[in-house]
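Read the structure below first, then the notes.
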Amino acid sequence: MILKPKGTKDIYGFDAKYKLKLEEIIKEIANSYNYTYIDTPVFEHSELFHRGMGDTTDVVSKETYDFKDRGDRSLTLRPEGTASVARWFIENKLYGNLTEPIKSFYINKFYRYDRPQAGRYREFTQFGSEIIGTNDPIADAESISLAYTVLEFLGIDNLNIYINSLGDTESRENYKKALLEYLKPHKEELCNDCEERIEKNPLRVLDCKIDGHKEIIKDAPKTIDYLNEDSLKHYNKVKQYLDLMDINYTEDFNLVRGLDYYTHTVFEINHGDDLSIVGGGRYNGLIELLDGPKTPAVGFAMGIDRVINLLNEKEVNLNIKDNIDVFIIHVSETEKETAVYLAQDLRLNGLVVETDFFDKGIKGGFKSADRLNAEYVILLNDNDLKENLVTIKDNKTKDEEKVKMFDVAEYLNMRL
Ligand code: HAM
């Protein structure tokens with residue numbers, strides 16, 4: 001038997017309904033913020049992610065699915081969407097005549113060779129959004145607001161928004177120096193990876209899965225103390241805009257996020273203290289790093305699999321329809337032929353209709369109708385059909401009526 005690869009899953013049953021409904025809700029809310037949908041390739045040239053996200057990050061150094069295609073090109077299954085959207089922006093020269101920022105969103109599958117566990121998969125889905133072309137703190141606040149609004153709309157409680165600022169390049173470099181000086185004497189206490197990392201990128205020690213929780217990290221220098229005047233102003237404005245939108249947040253001065261491209265605002269939305277549902281921030285240097293012109297940008301990504309797990313745990317319904325409107329029962333072959341075109345007609349009239357695939361007859365048909373929670377049952381009968389009549393039975397009250405074939409759709413639509 002061939003099983004699915006480790007860290008992947010089949011989405012079916014109620015999870016599949018959640019997924020489709022979630023996509024609908026996300027599209028509607030993203031539309032109200034005026035974001036347009038973008039779909040980028042599942043694989044890109046490896047260099048895009050390796051350079052964009054940073055070679056010292058866990059995602060790039062340990063988790064990318066890198067492969068050579070038959071033309072000997074180095075390709076990578078996308079581990080995230082930000083670098084792809086930045087590539088799209090540069091490749092299509094969208095920077096040429098930017099009169100408004102470009103606001104886009106995506107709902108895609110992503111791939112990371114991570115250790116599978118609850119809520120952590122090797123193939124997972126993210127809803128992400130990116131605003132490119134503005135450094136206005138209003139964009140940082142809007143990003144947080146969009147992610148939070150979706151989660152709130154879904155009825156997920158116990159949400160905590162954590163924010164911090166890494167500042168601009170100057171502030172970040174000053175902070176990095178201070179952090180390096182602080183970490184050097186503690187080198188021996190760090191894990192092997194971090195011992196190597198501190199010279200290359202000391203920030204990565206702060207979000208290391210092993211060292212990140214150690215006391216030495218808790219006492220490390222804080223980014224907020226190294227922000228220059230402009231960076232502090234930017235950060236304060238983001239907080240002010242969040243206050244104006246009545247969005248509560250907690251400042252976490254140890255939050256640096258695990259990817260290299262961040263500048264200024266970084267944020268996470270957790271369920272409870274630990275489960276990260278959303279991660280995002282500003283990345284003013286990424287587009288330049290990928291050979292585009294210097295262009296400010298900000299965005300986030302939400303883990304859809306984690307959201308679905310939470311909806312399941314809380315048994316949130318989201319008004320998902322899990323029954324059918326009509327089940328059509330036939331006995332003879334001519335009745336079955338009628339069922340075929342009647343079902344087609346009713347479906348075109350917006351009804352959810354099922355027919356009998358196993359010629360179960362009347363008793364079996366009613367059992368199917370009950371299993372599928374049908375609101376109505378249509379009983380076809382050759383004698384009635386001669387007069388163009390069908391019997392419609394309310395499956396709850398068991399009341400029944402004979403209705404002219406041409407009136408069936410209207411009859412049902414008025415009652416459902
Ligand atoms: P990230 O923090 O790597 O950020 O991922 C964002 C979210 O994706 C996480 O909070 C989590 O919910 C979900 N996620 C990540 N890895 C997995 C996994 N292995 N299994 C299930 N869910 C996962 C980014 O990806 C950035 N591109 C976000 C961003 C957009 N920053 C700016 N724009």
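A139: net charge of surrounding residues, Cβ under 13 Å, Lys/Arg +1, Asp/Glu -1, itself excluded? Display every interim value, and only then the final one.
Numbers: positive: K103, K237, R282; negative: E100, E130, D136, D140, E142.
Taking every other residue near A139 into account, the sum is -2.
How much length is gained on full extension from F358 to E47, taking 0.36 nm per residue of separation minus their Cα-Cα distance?
Values: separation 311, 0.36 × 311 = 111.96 nm, distance 5.47 nm.
My answer for the length gained is 106.5 nm.
For segment 17-92, what Kirkwood radius comes out of the mean inverse Cα-Cα distance, in Å? Numbers along the way, then the final one.
On the way: mean 1/r = 0.0700 Å⁻¹.
It is 14.3 Å.
Once you have the Cα-Cα distance between E387 and Q344, take 0.36 nm times their residue separation minus that, and quote the gain in nm to one decimal. If you can, show how the numbers build up before the last one.
Working: separation 43, 0.36 × 43 = 15.48 nm, distance 2.06 nm.
Gain in length upon complete extension: 13.4 nm.
Kindly provide the trypsin sites (Lys or Arg not before Pro) of segment 1-80 that DSSP labels as loop, not H, G, I, E or B, and whose Cβ sees at most 16 other Cβ atoms within 10 Å. Intermediate values should be presented prior to the final figure.
Numbers: sites: K6, K9, K17, K19, K21, K27, R51, K62, K68, R70, R73; in loops: K6, K9, R70, R73.
Passing both the DSSP loop test and the Cβ count: K6, K9, R70, R73.
How fast does the chain diffuse by Stokes-Einstein, in µm²/s, taking the Kirkwood radius from C-alpha pairs at 10 °C and 1.306 mPa s? It would help to have the intermediate numbers written out before the result.
Values: Rh = 24.8 Å.
For these conditions, the coefficient is 64 µm²/s.
Once you have the Cα-Cα distance between E401 and E28, take 0.36 nm times their residue separation minus that, and quote the gain in nm to one decimal. The partial results should precede the final answer.
Values: separation 373, 0.36 × 373 = 134.28 nm, distance 3.99 nm.
Here the answer is 130.3 nm.
For every helix of n ≥ 4 consecutive DSSP H residues, a contribution of -39,500 (n - 2.57) applies; sum these over the chain, divide by its total residues, and give [θ] at 222 nm rounded to the nearest 500 deg cm²/dmol.
Computed mean residue ellipticity for the chain: -11000 deg cm²/dmol.
State the Kirkwood hydrodynamic radius of segment 52-202 in Å, one decimal place, computed from all pairs of distinct Cα atoms.
Values: mean 1/r = 0.0528 Å⁻¹.
18.9 Å is the Kirkwood radius here.
Which loop-located GluC sites (Glu not before Pro) does segment 353-416 contain, where loop means any DSSP state but H, G, I, E or B and the Cβ has at most 10 other Cβ atoms within 10 Å? Each step should come with its number before you reach the end.
Details: sites: E354, E375, E387, E400, E401, E410; in loops: E375, E387.
In loop regions of segment 353-416 (DSSP not H, G, I, E or B), the sparsely surrounded GluC sites (Glu not before Pro) are E387.
Two decimals is fine: what's Rg over Rh for segment 134-181, C-alpha atoms, Kirkwood radius as Rh?
1.17
For a quick check of your reading of the filter: which trypsin sites (Lys or Arg not before Pro) in segment 102-173 sit in a DSSP loop and have no more than 15 other Cβ atoms within 10 Å? Before the final figure, lay out each step's value.
Numbers: sites: K103, K109, R112, R120, R122, R172; in loops: R112, R122.
Answer by residue number: there is no such site.
Beyond 15 Å, what percent of the Cα pairs of segment 308-347 remain?
Working: 464 of 780 pairs.
So the pairs more than 15 Å apart make up 59 percent of the total in segment 308-347.
By DSSP, what percent of the beta bridges with both residues in the chain are antiparallel, rounded to the nearest 5?
Working: 53 of 64 bridges.
Around 85 percent antiparallel, to the nearest 5.
Taking a cut-off of 23 Å, what percent of all Cα-Cα pairs in segment 322-416 are separated by more than that? Intermediate results must be reported in sequence, preceding the final value.
Working: 516 of 4465 pairs.
Percentage above 23 Å: 12.
Read-outs: derived from the displayed coordinates by stated rules, not from any lab. Just so you know, these numbers come straight off a predicted model, no measurement behind them. As a convention, Cβ positions derive from the backbone with ideal geometry for all residues, glycine included, and neighbour counts pool all protein chains shown.
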